[in-house]
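Worksheet: the structure to be examined is printed underneath.
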Amino acid sequence: MRITFIGASHGVPEPNRKCSCTMIEISGRYYFIDMGTPSIDHLVTAGIPVDAVKGIFITHMHGDHTNGLVSFIDLISWYFKTADPTICLPDIEGASAIENWIRVTQSKARELRYVEVQAGVIFDDGFIKVTAIPTLHTERSFAYFLEAEGKSMLFTGDLKHPDRDFPVIAKERETDLIVCESAHFNATDYVPHLRECKAKLVYINHYQSQKIPSILQLAAEIGNTPVKMAYDGREIML
Ligand SMILES: [Zn+2]
Ligand SMILES: [Zn+2]
């Protein structure tokens with residue numbers, strides 16, 4: 001499986017980083033964690049058919065995680081019509097909001113498969129199983145635990161603070177990859193929690209530039225688990 005950070009910035013774009021958007025490829029099928037930046041541009045540039053996108057999992061409704069979803073749904077409504085992904089939204093009202101926007105643009109949204117995210121398994125197509133874990137960043141925000149090809153990954157999404165809502169599943173189960181955010185606190189705040197995890201690899205995503213020294217310090221303190229910084233275009237093979 002291949003994980004690609006399309007956008008690794010925090011709440012606003014940086015000169016070389018777009019807003020949150022991560023793509024996962026499994027056997028020619030594509031899945032997204034958040035879509036804070038238009039992703040069809042990336043798919044077309046990379047030569048990936050848009051109808052290979054099978055699932056979109058939004059961690060919470062803030063614009064830096066959803067703005068690209070509006071353009072995705074607009075484009076598959078009138079052009080890439082064979083695309084039929086399951087779209088998992090923490091707040092299902094987002095579906096009618098996007099449909100209304102498309103109506104205002106003198107177009108019509110296609111009927112699509114929307115799922116309102118609840119705690120527990122929200123998606124399993126035989127290729128990837130996605131479990132949602134509530135966090136405290138907003139009233140309805142979620143981390144995602146993903147299982148595919150015998151591997152497992154945790155995407156924390158945005159957190160209130162690791163001491164309050166770091167998902168305990170990563171302490172109970174081995175993970176091949178943990179992707180953490182560091183927009184709202186220093187990366188070193190993860191130290192006691194990551195020490196309790198059996199993770200093979202940690203990536204810090206969604207970080208502000210001034211947090212980079214704390215990411216380097218986290219890497220030094222965690223020791224034998226590699227801690228890396230996400231940046232746009234970075235690919236991980238698991
Ligand atoms: Zn965010
Ligand atoms: Zn947020």
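The values are calculated or read from the model by the stated rules, or taken from the named source; none is laboratory data. In this text, all values refer to a predicted model and were calculated from it rather than measured experimentally. Every residue, glycine among them, receives a Cβ derived from its backbone with ideal geometry; neighbour counts consider all protein chains shown.
Just to be sure before I move on: is ILE236 crowded, with 18+ Cβ neighbours inside 10 Å and of a type outside the set (Ser, Thr, Tyr) in the structure I sent? Spelling it out, ILE236 is indeed crowded, with 18+ Cβ neighbours inside 10 Å and of a type outside the set (Ser, Thr, Tyr).
Considering only the stretch 171-186, I want to know if a residue exists there that is among the small types (Gly, Ala, Ser) and over 30 Å from THR45 (Cβ atoms). The answer is no, given that none of the residues of the stretch 171-186 is among the small types (Gly, Ala, Ser) and over 30 Å from THR45 (Cβ atoms). The set of residues from the stretch 100-119 being outside any loop (DSSP other than H, G, I, E, B), in contact with a Ser or Thr (Cβ under 8 Å, 6 or more places away or on another chain) and of a type in the set (D, E, K, R) comprises just one member, ARG113.
Which is out of contact with any His (no Cβ under 6 Å at 6 or more places or on another chain), within 30 Å of ALA170 (Cβ to Cβ) and buried (at least 17 other Cβ atoms within 10 Å of the Cβ), of ILE128, ILE98? So the residue among ILE128, ILE98 that is out of contact with any His (no Cβ under 6 Å at 6 or more places or on another chain), within 30 Å of ALA170 (Cβ to Cβ) and buried (at least 17 other Cβ atoms within 10 Å of the Cβ) is ILE128. In the condition set (1) more than 16 Å from ligand 2 (Cβ to nearest atom); (2) surrounded by fewer than 23 Cβ atoms within 10 Å (Cβ to Cβ); (3) more than 18 Å from the chain's Cα centre (by Cα), PHE185 is compliant with all but (1). May I ask you to verify whether TYR144 is within 26 Å of MET1 (Cα to Cα) and either in a loop (DSSP other than H, G, I, E, B) or within 16 Å of ligand 2 (Cβ to nearest atom) (or both)? So TYR144 passes the test. Inside the stretch 136-161, residues that are within 16 Å of ligand 1 (Cβ to nearest atom) and either in contact (Cβ under 8 Å) with a residue 60 or more places away in the chain or surrounded by fewer than 21 Cβ atoms within 10 Å (Cβ to Cβ) (or both) make up a count of 14. With respect to the conditions (1) within 17 Å of ILE24 (Cβ to Cβ); (2) touching an Asp or Glu at 6+ places or on another chain (Cβ under 6 Å); (3) β-branched (Val, Ile, Thr), THR135 falls short on a single one, namely (1).
Name every residue in the stretch 42-61 that is within 16 Å of ligand 2 (Cβ to nearest atom) and surrounded by 19 or more Cβ atoms within 10 Å (Cβ to Cβ), in order of residue number. If the condition is that a residue be within 16 Å of ligand 2 (Cβ to nearest atom) and surrounded by 19 or more Cβ atoms within 10 Å (Cβ to Cβ), then PHE57, ILE58, THR59, HIS60 are the ones that fit. Filtered by the rule that a residue be within 14 Å of LEU69 (Cα to Cα) and modelled with pLDDT of 95 or more, the stretch 103-112 gives a lone residue, LEU112.
Of the residues making up the stretch 147-166, those that are within 20 Å of MET1 (Cβ to Cβ) and within 16 Å of ligand 2 (Cβ to nearest atom) are PHE155, THR156, GLY157. The strands (runs of 3 or more DSSP E) found wholly in the stretch 1-76 and carrying at least 1 residues that are touching a Cys at 6+ places or on another chain (Cβ under 9 Å), in contact (Cβ under 8 Å) with a residue 12 or more places away in the chain and not charged (D, E, K, R) occupy 2-7, 29-35, 53-57.
Of all residues in the stretch 172-204, which are polar (S, T, N, Q) and farther than 12 Å from LEU154 by Cβ? Scanning the stretch 172-204 gives SER182, ASN186, THR188. Do we have LEU177 as surrounded by 19 or more Cβ atoms within 10 Å (Cβ to Cβ) and within 17 Å of the chain's Cα centre (by Cα) here? For LEU177, the condition - surrounded by 19 or more Cβ atoms within 10 Å (Cβ to Cβ) and within 17 Å of the chain's Cα centre (by Cα) - is met. ILE122 passes every criterion in (1) in contact (Cβ under 8 Å) with a residue 40 or more places away in the chain; (2) surrounded by fewer than 19 Cβ atoms within 10 Å (Cβ to Cβ); (3) in a strand (DSSP E or B) apart from (2).
Among the candidates GLU139, GLU147, the residue that is under 20 Å from PRO90 (Cβ atoms) and among the acidic types (Asp, Glu) is uniquely GLU139.
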